[in-house]
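Computed from the coordinates by the stated procedures, all read-outs in this text should not be read as laboratory data. Remember, it's a predicted structure, so these values are computed and weren't measured experimentally. Virtual Cβ from ideal backbone geometry, glycine too; neighbours counted across all protein chains shown.
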């Protein structure tokens with residue numbers, strides 16, 4: 001499931017999605033996230049999927065408690081959105097995304 | 001629900017295993033510690049010592065019981081925790097380095113989190129799980145998971161996740177300590193006590209007369225007996241110590257050995273042998289009756305035997321005691337130099353009763369003295385707790401502790417003038433073995449000290465009152481004058497004694513005079529007798545002389561007659577003496 005879009009150097013938006021196994025909720029979150037990014041951040045983002053069941057030690061770094069958690073590592077400051085990202089408006093506010101234009 | 005019914009007679013009940021905390025006194029109350037493999041809730045207000053309790057549980061487990069521990073902190077960073085723990089003498093960093101402990105700081109900041117849609121706390125589970133697995137922890141501290149309520153909005157979800165967490169910990173078989181801040185009308189702010197029902201411990205601190213007393217109570221301990229009382233506890237440099245009163249039994253060994261009180265006259269009153277070793281002695285009296293001096297004598301005598309002594313003073317500094325005792329000829333300084341005597345001075349108001357008690361306990365542990373003096377007990381009432389019961393309890397605990405250790409305890413208590421002399425404020429008089437009563441007797445414009453032995457268990461003590469003198473060579477006991485004029489002390493006694501001596505002298509003189517007179521009479525009579533004898537002898541001699549003369553004369557008359565007859569030539573002589 002872990003895959004990188006456009007493995008280039010840096011993107012305006014560096015996003016990490018923390019999940020724990022392929023639960024329906026995680027899959028749902030990933031689907032919701034890709035949809036929003038494609039719509040608003042085409043070509044300007046990268047999503048990293050981190051499965052804590054495989055790498056539990058990574059939970060410490062971003063202070064992950066809730067699953068799924070989306071972390072916006074860039075642009076700073078760090079922002080976190082927890083939940084299955086089903087509410088598009090909230091995700092946009094949470095990621096502080098201005099539409100590209 | 002986590003609350004599963006436990007049949008009191010089930011197998012589980014009988015084999016409920018305990019996990020020793022190592023916290024002094026707590027394992028006694030709980031008959032072995034916390035329930036092993038189950039979560040325990042430690043709750044209480046801010047600053048009551050919840051976190052320290054948890055840290056001590058982990059640190060002692062790692063250090064003393066070979067159990068590894070995981071510390072999940074929601075409030076303090078690992079560095080802060082290490083600092084807190086070092087104040088109790090635990091080096092968390094060293095424990096971490098040796099893989100006996102793992103500390104994870106879980107932080108949640110509401111301002112950087114937005115919530116959208118459904119989620120769970122699997123991340124938290126994974127973190128806790130990985131912390132536990134990293135060193136195979138069997139103990140865990142969660143301090144305090146309620147902080148999550150401040151970071152996440154979905155309270156219902158949080159509750160169900162916490163419930164799942166506690167259950168999960170139980171399934172993993174780790175012994176968990178979960179802390180919770182006390183809420184209004186509830187044990188914890190968010191009521192997590194609902195989910196932790198195996199063991200609940202309540203910590204509390206109360207302000208009384210400006211002095212804080214910490215207390216601990218085991219509210220609930222499923223499947224185990226436990227002490228139900230409120231126990232005072234302390235946080236001091238060696239960690240938490242809980243002081244169970246009731247766990248101490250009356251089964252201490254006693255000694256038949258006797259030790260000198262250091263005052264010859266007092267030993268004399270106690271069958272000539274002094275106090276029993278390991279007994280407790282109370283000296284009560286009004287101010288200035290010599291209680292401390294008596295104590296100093298006991299200490300002096302013990303140190304001279306090479307025994308260790310501990311002197312708790314609540315009124316005087318060590319230097320002051322040394323100086324004052326020097327004035328009555330007792331040099332305590334040399335014993336301090338030799339390391340036999342330790343004087344511990346504290347203002348009773350310095351801290352609560354419990355801390356005093358713990359200080360005493362610790363010093364007893366450290367010094368292992370054979371004689372302990374507490375001077376005076378009474379000031380403990382004035383400092384801090386006005387509650388006489390507390391003080392009595394404390395004294396009871398000291399006495400019990402001393403008896404357990406076989407240490408002789410000497411307590412002084414001040415009675416104020418208005419009180420009944422034969423009662424102590426602390427109601428401790430019935431707890432002690434020997435009770436000395438010191439009194440002032442006022443007469444003829446002076447006050448004098450007297451001493452009674454009010455009671456002394458297990459010996460035929462003197463029932464007399466003795467006068468108590470403080471001299472440059474220490475305390476001396478004199479027999480008070482008991483005569484028709486009553487008990488006399490001080491100069492009255494001296495005067496009376498002088499008077500008696502005078503009278504005796506007078507009597508002696510009188511008899512001597514009479515002796516002389518009589519012998520003189522005797523001698524006179526004897527002389528008279530000699531004179532009379534001489535007279536009688538003289539008379540006798542005279543009488544004899546007269547008789548002789550008369551005989552001579554009659555002879556000569558006959559001769560004359562014969563002569564005359566011859567001269568007259570009257571015939572032949574006629575029978576003489578007839579018809580001359």
Over all directions, region A:13-95 yields a Cα convex hull whose mean projected area in nm² is 4.9 nm²
Note on chain B: contact order normalised by length, alpha-carbon pairs under 8 Å, 6 or more apart, percent, works out to 12 percent
Ranked output for segments B:199-208, B:523-532 by mean other Cβ atoms within 10 Å, highest leading, reads B:199-208, B:523-532
Restricting to Cα pairs under 8 Å and 6 or more apart, the percent relative contact order of chain A works out to 36 percent
In degrees, nearest 10, the alpha-carbon axis of helix B:291-304 is tilted away from the dominant principal axis of the alpha carbons of chain B by 90 degrees
Taking every residue of A:54-65, the Cβ atoms of other protein chains inside 10 Å of its Cβ average out to 6
Contact order relative to length for region B:258-491, counting C-alpha pairs under 8 Å separated by 6 or more residues, stands in percent at 27 percent
Per the C-alpha gyration tensor (a ≥ b ≥ c, the square roots of its eigenvalues), region B:258-491 is rounded if a/c is under 1.5, else prolate if a/b beats b/c, else oblate; here it's prolate
Where a ≥ b ≥ c are root eigenvalues of the Cα gyration tensor, a/c under 1.5 meaning rounded, otherwise prolate if a/b exceeds b/c and oblate otherwise, region B:66-147 counts as oblate
Taking R0 as 45 Å and r as the Cβ-Cβ distance between residue B:545 and residue B:518, the FRET efficiency 1/(1 + (r/R0)^6), rounded to the nearest 0.05, comes to 0.65
Per its Cα gyration tensor (rounded if a/c is under 1.5, else prolate when a/b beats b/c, else oblate), chain B is best filed as prolate
Rounded to a whole number, the mean other protein chain Cβ count within 10 angstrom for residues of A:76-82 is 5
Quick calc, residue B:507 & residue B:212: beta-carbon distance into FRET formula, R0 60 Å, rounding 0.05, result 0.25
Note: B:130-139 gets an average of partner chain Cβ contacts (10 Å, Cβ to Cβ) equal to 1
Taking Cα atoms only, helix B:155-172 is inclined relative to the longest principal axis of chain B by an angle, in degrees rounded to 10, of 70 degrees
Fewest-first ordering of B:26, B:410, B:149 by Cβ atoms within 10 Å yields B:149, B:26, B:410
Computed over chain B: longest principal axis from alpha-carbon atoms vs helix B:353-367 long axis, angle to nearest 10 degrees, is 70 degrees
Checking rank on B:549-559, A:64-74, B:272-282, B:79-89, with mean other Cβ inside 10 Å and highest first, the result is A:64-74, B:272-282, B:79-89, B:549-559
To the nearest 0.05, the calculated FRET efficiency linking residue B:471 and residue B:317 through their beta-carbon distance, R0 being 22 Å, is 0.35
Ranked output for segments B:32-39, B:290-297, B:303-310 by mean other Cβ atoms within 10 Å, highest leading, reads B:290-297, B:32-39, B:303-310
Counting only DSSP beta bridges fully inside chain B, the antiparallel percentage to nearest 5 is 45 percent
When B:435, B:168 are ranked with the fewest other C-beta atoms within 10 Å first, the list becomes B:168, B:435
The distance between the Cα centres of region B:300-316 and region B:391-415, in whole Å, is 15 Å
Of region B:319-347, those with amide N under 16 Å from the point 7 Å along the Cα→Cβ vector of residue B:362 are B:343-347
Put in order of increasing Cβ neighbours within 10 Å, starting from the fewest, B:43, B:71 give B:43, B:71
